[in-house]
């Protein structure tokens, strides 16, 4: 693992990701990150897009530019109702 910087958490547990890391991984304002643990390590990763209706990650269609996705199946279902 390459270390980019040493950071101190603030009173709420927040840290600032180094600019080099944010640029490299295209993390911009509003990017949603998942926080987890793997074998004792704290892991951050960009949230994978998913259907906001059923949770599927297959055959997604972006509805807006704000990371709002629905899958083709739900899109057809909504169109049938409308």
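The values are calculated or read from the model by the stated rules, or taken from the named source; none is laboratory data. Since the model is a prediction, treat every value here as computed from it, not as a measurement. For neighbour counting, all protein chains shown are included, and Cβ atoms are generated from backbone atoms with ideal geometry for every residue, glycine included.
Points to keep in mind about this one:
- Members of region 69-82 found to be out of contact with any strand residue (DSSP E or B) (no Cβ under 7 Å at 6 or more places or on another chain) and surrounded by 13 or more Cβ atoms within 10 Å (Cβ to Cβ), listed by number: 73, 77
- Among (1) in the same structural domain as residue 3 (by TED's automatic domain parsing); (2) at pLDDT below 90, the one test that residue 24 misses: (2)
- Which numbered condition residue 3 fails, given (1) modelled with pLDDT under 90; (2) surrounded by 11 or more Cβ atoms within 10 Å (Cβ to Cβ): (2)
- Extreme residue, surrounded by the fewest Cβ atoms within 10 Å (Cβ to Cβ), among residues of region 23-43 that are under 15 Å from the mean Cα position of the chain (by Cα) and farther than 21 Å from residue 66 by Cα: 36
- Among the residues of region 55-68, those that are surrounded by 12 or more Cβ atoms within 10 Å (Cβ to Cβ) and either over 26 Å from residue 24 (Cβ atoms) or more than 16 Å from the chain's Cα centre (by Cα) (or both) comprise 56, 59, 61, 63.
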